[in-house]
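Notes follow once the structure below has been shown.
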Amino acid sequence: VLDAVGAYPIAEKFQANGNLVFGEGEYWRLFTTTLLHADLTHLGANTLFFTVLAILLGNYFGWLVFPVLSLLVGALVNALTLLHYKQHVYLVGIS
């Protein structure tokens with residue numbers, strides 16, 4: 001768990017913590033925090049491999065399972081994770 005604001009300032013708009021999500025009602029952060037990475041190197045490496053995986057998953061399962069269902073399940077996992085974190089701890093990324 002990182003506070004990515006130091007790595008790149010725009011992360012402040014996308015990262016999530018329990019207070020922002022459950023206290024302030026910013027539920028969209030459950031989706032956006034999944035897309036964050038600690039730095040550009042990590043993002044670049046994941047993007048390279050994820051693109052190939054995304055094409056395979058989309059073609060095999062269809063768009064309803066991937067990416068729609070996977071994003072919903074990711075948001076649910078993030079919500080459950082934040083319920084167990086202290087309210088001020090930020091959740092950044094999913095890997």
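The values are calculated or read from the model by the stated rules, or taken from the named source; none is laboratory data. From a predicted model like this one, the values you see are computed outputs, not experimental measurements. Because the Cβ atoms are built from the backbone with ideal geometry, glycine has one as well, and the counts that use them run over all protein chains shown. The protein model used for the area step is the full one, side chains on, heavy atoms only, and it has no ligands, DNA or RNA in it. Shrake-Rupley method; radii C 1.70, N 1.55, O 1.52, S 1.80 Å.
I'm a student and want to see the number: the projected area of the Cα convex hull of the chain, averaged over all directions, in nm². Approximately 6.1 nm², given one-decimal rounding. Of the GluC sites (Glu not before Pro) in segment 3-95, the ones in a loop by DSSP (not H, G, I, E or B) with at most 12 other beta carbons within 10 Å are GLU24. Which of TYR27, TYR60, TYR85 moves the most in a Gaussian network model of the chain with Cα springs under 10 Å? Looking only at TYR27, TYR60, TYR85, the biggest GNM fluctuation is shown by TYR60.
GNM on the chain, alpha-carbon springs under 10 angstrom: the most fluctuating residue among LEU35, LEU56, LEU72 is LEU56.
Once both labels are positioned 7 Å from their Cα atoms along Cα-to-Cβ, the gap between VAL73 and THR51 label points is 2.5 nm.
Here the spin labels are modelled as points 7 Å beyond Cα on the Cα-Cβ line, and at LEU35 and HIS88 they lie 2.9 nm apart. Think of a 1.4 Å ball rolled over the protein heavy atoms: the chain then has 68 Å² of accessible area per residue. The share of accessible area on segment 1-89 that comes from carbon and sulfur is 73 percent, using a 1.4 angstrom probe. Result for the chain in a Gaussian network model with C-alpha springs under 10 Å: among THR41, THR32, THR81, the largest mean-square fluctuation is at THR41. A 1.4 Å probe, protein heavy atoms only, puts the accessible area of ILE55 near 100 Å². Charged neighbours of LEU35, selected by a Cβ distance under 12 Å, balance to +2 (K, R count +1; D, E count -1).
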